[in-house]
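The values are calculated or read from the model by the stated rules, or taken from the named source; none is laboratory data. Please read all numbers here as calculations on a predicted model, not as lab measurements. Don't worry about glycine lacking a Cβ; one is built from the backbone with ideal geometry, like all the others, and counts go over all protein chains shown. Please note that ligands, DNA and RNA were not included when accessible areas were found on the heavy atoms of the full protein model with its side chains. Shrake-Rupley method; radii C 1.70, N 1.55, O 1.52, S 1.80 Å.
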Amino acid sequence: MEQFRSPKPEARSPLVGIVLGSDSDREAMEEAARTLAEFHVPFEMIVASAHRSPDRLDRYAQTVEARGICVLIAAAGGAAHLAGALAARTVLPVIGVPLEATGLGGLDALLSTVQMPPGVPVATVSVGTWGARNAAILAVQILATGDPDLRRRLEEFKKQMARKIEEKSPGVFESRVTSHESRSV
Ligand code: RP5
């Protein structure tokens, strides 16, 4: 149990646990870490493979609830059974991020992660860094159901996205009207 404590004792207790199938998954999943940090949500990131170190995954799953973790994110490539294996060992919500690790472009991991039989759901997001970001946002949304401050930050985040689209829209709209008018003259 001790080994899963944060190496920084001053850090706030993690609310989200990110599990990587391999250290080679880290680069893609930094996007999830950055996003959680954007929302000031404390998290931890560990490596535990469902097939190479199943005992370690087991031990980790046994510690999470007692340490206050509320949502798990599991990221793996290839025949990606990590998220399902984790979901089998806890009642916490598990978000699965399929990663591209083979010549199949992540489709193998996507199908392995998303097609969980009934009873053991894995909330599967997009492949790769898009999925890493969405996994973090979904984790924040789950946490926000019981946290009004976090909910306000999410509302502001949505408003910011909408503002960015509006800022980019006028130029596109004008150029279309212009080209249409010039054709019809
Ligand atoms: C999966 O196999 C991991 O999640 C990773 O995406 C992939 C390759 O792992 P390494 O061979 O780089 O450790 O289990």
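Could you work out what % of the accessible surface of the chain is carbon and sulfur, using a 1.4 angstrom probe and leaving DNA, RNA and ligands out of the count?
56 percent
May I ask you to derive the FRET efficiency for Ile46 and Arg152 from their Cβ-Cβ distance with R0 = 35 Å, giving the value to the nearest 0.05?
For Ile46 and Arg152, the calculated efficiency is 0.70.
Any idea what diffusion coefficient the chain gets from Stokes-Einstein, in µm²/s, Kirkwood Rh on alpha carbon pairs, 25 °C, 0.890 mPa s?
After rounding, the answer is 138 µm²/s.
Taking Cα atoms, how many degrees apart are the long axis of helix 148-184 and the longest axis of the chain, rounded to 10 and kept between 0 and 90?
The answer is roughly 30 degrees.
If the elastic network links every pair of Cα atoms under 10 Å, which of Pro14, Pro93, Pro118 fluctuates the most in the Gaussian network model of the chain?
Pro118
Counting only heavy atoms of protein chains, what accessible area per residue, in Å², does the chain have with a probe of 1.4 Å?
Here the residues of the chain average 59 Å² of exposed surface.
Can you tell me the 0 to 90 degree angle between the C-alpha axis of helix 54-64 and the longest principal axis of the chain, rounded to 10?
Compared with the principal axis, the helix lies near 80 degrees.
In degrees, nearest 10, range 0 to 90: what is the angle between the Cα axis of helix 26-38 and the longest Cα principal axis of the chain?
Once rounded, one gets 70 degrees.
In nm, to one decimal, how far is the Asp23 label point from the Val91 one, both placed 7 Å along Cα→Cβ?
In this crude spin-label approximation the distance works out to 3.7 nm.
At q = 0.18, 0.20 Å⁻¹, what base-10 log of I(q)/I(0) does the Debye formula yield for segment 79-159 when every alpha carbon is treated as an equal point scatterer in vacuo?
-0.77, -0.88
Between Met161 and Asp55, what FRET efficiency follows from the Cβ-Cβ distance if R0 is 45 Å, with the result rounded to 0.05?
After rounding, the FRET efficiency stands at 0.60.
Counting helices only, and only those DSSP H runs with n ≥ 4, report the 222 nm mean residue ellipticity of the chain as the sum of -39,500 (n - 2.57) divided by its residues, in deg cm²/dmol to the nearest 500.
Estimated from H runs of four or more residues: -16500 deg cm²/dmol.
If you take every DSSP beta bridge whose two residues both sit in segment 4-168, what share of them, in percent to the nearest 5, is antiparallel?
So the antiparallel bridges in segment 4-168 amount to around 0 percent.
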